[in-house]
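Below is one structure; the comments refer to it alone.
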Amino acid sequence: MNSAEIQAFKQKALHYASNFDVCCYLDSHHYQDKYGKHDCLIAFGEEKKLEALVGNAFSSLKTFAEENKEWMFGLLTYDLKDEIEEVTQQHKDLLGFPDLYFFVPENLISIKDSQIQIIKGKTDLIDQILDTSLPTEAPNKPLNIQSKFTKAEYLVSIDKVKQHIKRGDIYEINFCQEFFAENAAIDPLSTYKHLTEVSPTPFSGFLKIGGRFVLSATPERFLSKRGYTLTSQPIKGTAKRSKDEVEDLQIKTALKNSEKEQAENVMIVDLVRNDLTKSAVKGTVKVDELFGIYTFPQVHQMISSISCELSPEVHFVDAIKNTFPMGSMTGAPKLRAMQLINQYERSKRGVYSGSFGYINPDGDFDFNVVIRSILYNAETQYLSFQVGGAITYQSDAEKEYEECLLKASAIMSVLKN
């Protein structure tokens, strides 16, 4: 198939899969890297499932993975932090996702190098999908999108956080704010399609668990395992794109050379190195790329890559646990940063800054970071997305607020259509 035919197949396959109660669609949008094994994975239908609460979620996942050495797809919410560190939770859950959810799919399709392969499912599955007719898209009803912070309240909160940095409680914190809409009636499929048209990214995905949806255009990998190699690629450093080529190159160069952005990035690189050490063969943790600049339709990003060799004594689920939640969405030191996140943020993070992805029968896996994502409960009609950024003592609160709006812009433009 050529690229246009593959794209048409992916749209039909996602529509077909979304008719099942559970489905997970992962799409790299042709961003190639040496760590990914698939361009696109489409899993649907629930053969077996694991739904676990904070407390024994990771141990339950380890048991589930040992009992089912099969393909599985699933979700790790940020709230699993409470299983690793003692951090109290004081915000209401308005979306209703499980703390941890994994399923073994009845059907699984892989797309790699323009080749479509049925990994699980009936032999005529591809023909069934090709025969699917796509419905006519209807525009979403207007949404009343609100924020949990006014601009003034956000600036005051950043000032308070910086006082903690001044006192030496933390060096850096990822501080986030929620935008939300009540009584929201959207079509998750068409909304996801529009989101990825505006912002195609390498770790995007569509996850449906009953009436709950994650529509993600995330550019960030949390953690992957290929063989015995673990790789994490935190993002710290964002700059807006310009339609003018000369100005856009200047912006990109300024991001690459920014001492502030480099300082933020290297703090998280050090945190990730420390997290990986818990699972690594001694002496194998290394920084493969520091301060790499990657360009996406909306923004330029500074991304670093850190890897290690997984110790044969460490189960791969424990390797996930040892690095969770990801450093790019917490801060340094991690525990104190998470405590201050709970103190000063106004929303339960839940799925946001958690992760979803796959584990294959060999125990290899790839998980993203849930940012640039719309979370939606179709039953309660609550819609939410959060944005944030790294705060250090050098941070300018006004500029941080503007960066939040920049990160929210792609989602805002989709939801206002």
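Scattering from the stretch 195-313 was approximated by placing one identical point on each alpha carbon and applying the Debye formula without solvent; log10 I(q)/I(0) at 0.09, 0.19, 0.22 1/Å stands at -0.32, -1.03, -1.15. The orientation-averaged projection of the convex hull spanning the C-alpha atoms of the stretch 40-81 amounts to 3.6 square nanometres. Would you be so kind as to identify which of SER224, ILE209, VAL266 lies farthest towards the positive end of the dipole of the stretch 3-415, taking Lys and Arg as +1 and Asp and Glu as -1 on Cβ and the Cα centre as origin? Of the options given, the answer is VAL266.
If you take all other residues with their beta carbon under 14 Å from the beta carbon of PHE203, and give Lys and Arg +1 and Asp and Glu -1, the sum is -2. Starting from one equal scatterer on each C-alpha and no solvent at all, send me the Debye-based log10 I(q)/I(0) for the stretch 278-384 at q = 0.11 Å⁻¹, two decimals. Debye curve over Cα of the stretch 278-384, log10 I(q)/I(0) at q = 0.11 Å⁻¹: -0.49. Among the listed pairs LYS12/LYS208; LYS92/LYS407; LYS81/LYS278, those with a Cα-Cα distance over 20 Å are LYS92/LYS407. Evaluated with a Cβ-only charge set (Lys, Arg +1; Asp, Glu -1), the stretch 188-339 carries a dipole of roughly 480 debye about its Cα centre, given to the nearest 20.
Mind checking the log10 I(q)/I(0) for the stretch 64-142 at q = 0.24 Å⁻¹? Debye, one equal scatterer per Cα, no solvent, two decimals. Evaluating at q = 0.24 Å⁻¹ gives log10 I(q)/I(0) of -1.14. Protection proxy ranking, highest mean first, for peptides 130-138, 257-265, 175-183: 175-183, 257-265, 130-138, where packing is the per-residue count of other beta-carbon atoms within 10 Å, averaged. Exposure proxy for ILE235, ILE165: other Cβ atoms within 10 Å of each Cβ, ordered fewest to most, give ILE165, ILE235. What is the percent of Cα-Cα separations in the chain that go past 36 Å? Cα-Cα pairs in the chain separated by more than 36 Å: 20 percent.
When only the Cβ of Lys, Arg, Asp and Glu is charged (+1, +1, -1, -1), the dipole of the stretch 3-415 relative to its Cα centre reaches about 600 debye.
The relative contact order of the stretch 3-415, computed from alpha carbon pairs under 8 Å that lie at least 6 residues apart in sequence, is 24 percent. Less than 5 angstrom separates the built amide H of ASN174 from those of THR330, GLY331, ILE391, all sequence-distant by 5 or more or on a different chain. Descending by average beta-carbon neighbour count within 10 Å, the peptides 312-320, 296-304 line up as 296-304, 312-320, the highest first.
Ranked for footprinting exposure by Cβ neighbours inside 10 Å, fewest first, ARG336, ARG346, ARG167 give ARG167, ARG346, ARG336. Positive contributions from Lys and Arg (+1) and negative ones from Asp and Glu (-1), summed over other residues with Cβ under 9 Å from the Cβ of GLN301, come out at 0.
Where a number appears in this text, it was derived from the coordinates with a stated rule and is not lab data. Note that the structure is a prediction, hence the values are computed from the model and not measured. Please note: Cβ atoms are built from the backbone with ideal geometry, for glycine as well, and neighbour counts cover all protein chains shown.
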